[in-house]
Amino acid sequence: MRILFYGTKPYDRIWFEPMAKDYGYEITFLEVQCTKETVFLARGYDAICIFINDTVDAGMIDCLHRDKVKAILLRSAGFNHVDIRAAKGKVKILRVPSYSPQAVAEYAMAMLLTVNRFTHRAYTRTREFNMSINGLMGQDLYHKCAGIIGTGKIGQAMIDICRGFGMHIVAYDPFPNESLGVEYLPLPELLSRADVISLHCPLTNDTRYIINEETISYMKPGVLLVNTSRGMLIDSGALIEGLLSGKLAGVGLDVYEEEDGLFYEDRSSEIIEDGVLARLMTFPNVLITSHMGFFTKEAMQAIAIETLENAYMLEHGMPLINEVVAK
């Protein structure tokens, strides 16, 4: 197979290059994202491989289909950036449903600990020999209530971590998993009880802006909020208002609703035109990172293995267990 990789970085080559040789695949790495202007580059390839910041719409699907591209291989579990309805009957969509739930859950807890105990601010202070701890007071997580929104594999890993901290767990999910032994609640009740809220749900029509002005109003004052899932789970404007009012004591964001073109790129010498993101950066109790919760050796290796296995199953006419099909 010939596979064209879009939106690649140096770390993508570490596992994909040697594994591709083992499979006998020819891989071309492009740094540019997959867009309406670059999709034509896939002509002559059997498949393309994209990441979460590559958006493939219906017109691009048609272009791929005309050029006889058989599949879009996703280097991610999420697939909301691809028009799967337009792809039906034209191009196969194959995702990586699970690579390392623990990686993301551990990172979510790291963000929670950071915004709670202000370790990011303490590090900056002490680097300048400012040893004052004034304004850096956090709270014990022990015996606090953790509200987990979404109890798939990552949510389950987060539940296990929170249990290790001696926290009481409540959860919300449209499809409860009673085997987890956690208390499932309606969303408004969870938000009103939780001291900590961590988002672990996919982006769907039902979850888009699940954190908004109304749902923030249900939260108790001083709540800590962490999002390592998808940026559009949170209405950023409502989030800013919640921070200004003091409703939110700390926020950790590894994702942002307008992250395309910003995250994974070095924009340090440029003027950032996104006023909302710039405003969020000014809050001392907000920590923002560049969608790196998944970024561990184990997870990157698992993504490479699963992606190339998806290609292998497609090539040999095997059941496509990781295919995404529009309902």
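Here's the picture: charge each Lys and Arg Cβ at +1 and each Asp and Glu Cβ at -1 in the chain, and of PRO101, GLY135, LEU73 the one pushed furthest to the positive end of that dipole is PRO101. Each Lys and Arg Cβ is given +1 and each Asp and Glu Cβ -1; about its Cα centre, segment 1-125 then shows a dipole of about 240 debye.
Only protein heavy atoms count here; under a 1.4 Å probe, GLU258 has an accessible surface of about 100 Å². Once the 1.4 Å probe is applied to the protein heavy atoms, the chain comes out at 49 Å² accessible per residue. Net charge dipole, segment 221-327: roughly 460 debye, given to the nearest 20, about the Cα centre with Cβ charges of +1 for Lys and Arg and -1 for Asp and Glu. Charged side chains reduced to their Cβ positions (Lys and Arg at +1, Asp and Glu at -1) give the chain a dipole of some 300 debye around its Cα centre.
Relative contact order of the chain, please, whole-number percent, based on alpha carbon pairs below 8 angstrom and at least 6 residues apart. Normalised by residue count, the contact order of the chain is 17 percent.
What is the ratio of the Cα radius of gyration of segment 202-263 to 2.2 N^0.38 Å, with N the residue count, to two decimals? Normalised Cα radius of gyration, segment 202-263: 1.08. Rolling a 1.4 Å probe over the protein heavy atoms leaves ARG230 with an accessible area of roughly 50 Å². The angle between the Cα long axis of helix 153-164 and the main principal axis of the chain comes to about 30°, on a 0 to 90 degree scale.
Spin-label model, ARG2/ALA58: points 7 Å from Cα along the beta carbon direction are separated by 3.0 nm.
As an equivalent ellipsoid, segment 186-327 spans semi-axes of 33, 21, 13 angstrom, where each value is the square root of five times an eigenvalue of the C-alpha gyration tensor, largest first. For the chain, find the longest principal axis of its Cα atoms and tell me its angle to the long axis of helix 101-117, 0 to 90°, nearest 10. Once rounded, the angle reads 30 degrees. Relative to the longest principal axis of the Cα atoms of the chain, the long axis of helix 297-315 lies at roughly 30 degrees. Average projection, convex hull of the Cα set of segment 118-175: 5.3 square nanometres. For GLN156, neighbours were defined as the other residues whose beta-carbon sits under 12 Å from its Cβ, and their charges (Lys and Arg +1, Asp and Glu -1) total 0. Figure note: ILE84, ILE133, ILE169 ranked by solvent-accessible area, largest first, 1.4 Å probe, ligands and nucleic acids not counted: ILE133, ILE84, ILE169.
Summarising the strand pairing of segment 80-226, around 0 percent of its internal DSSP beta bridges are antiparallel. The helix-based estimate of mean residue ellipticity at 222 nm for the chain, built from -39,500 (n - 2.57) per DSSP H run of four or more residues and divided by its residue count, is -10500 deg cm²/dmol to the nearest 500.
One decimal place: the segment HIS316-GLU214 gains 31.7 nm when fully extended, by the rule 0.36 nm per residue minus the C-alpha distance.
Across the chain, Cα-Cα pairs more than 35 Å apart make up 26 percent of the total.
Taking every alpha-carbon pair within segment 26-107, the share separated by more than 17 Å comes to 45 percent.
Computed over protein heavy atoms with a 1.4 Å probe, the carbon and sulfur contribution to the accessible area of the chain reaches 54%. Of all DSSP-defined beta bridges confined to segment 210-291, some 0% are antiparallel rather than parallel. Spatially, segment 5-49 and segment 227-270 are offset by 29 Å when compared through their Cα centroids.
Heavy-atom accessible area for MET1, with the other protein chains in place and a 1.4 Å probe, reaches approximately 40 Å².
Do me a favour and compute the ellipsoid semi-axes for segment 86-238 from its Cα gyration tensor, root of five times each eigenvalue, largest one first, whole Å.
29, 19, 17
The values are calculated or read from the model by the stated rules, or taken from the named source; none is laboratory data. These numbers were taken from a predicted model, which means no experiment stands behind them. Neighbour counts are summed over all protein chains in view; Cβ atoms, including those assigned to glycine, are modelled from backbone coordinates with ideal geometry. Surface areas here come from the heavy atoms of the whole protein model, side chains and all, with no ligands, DNA or RNA. Shrake-Rupley method; radii C 1.70, N 1.55, O 1.52, S 1.80 Å.
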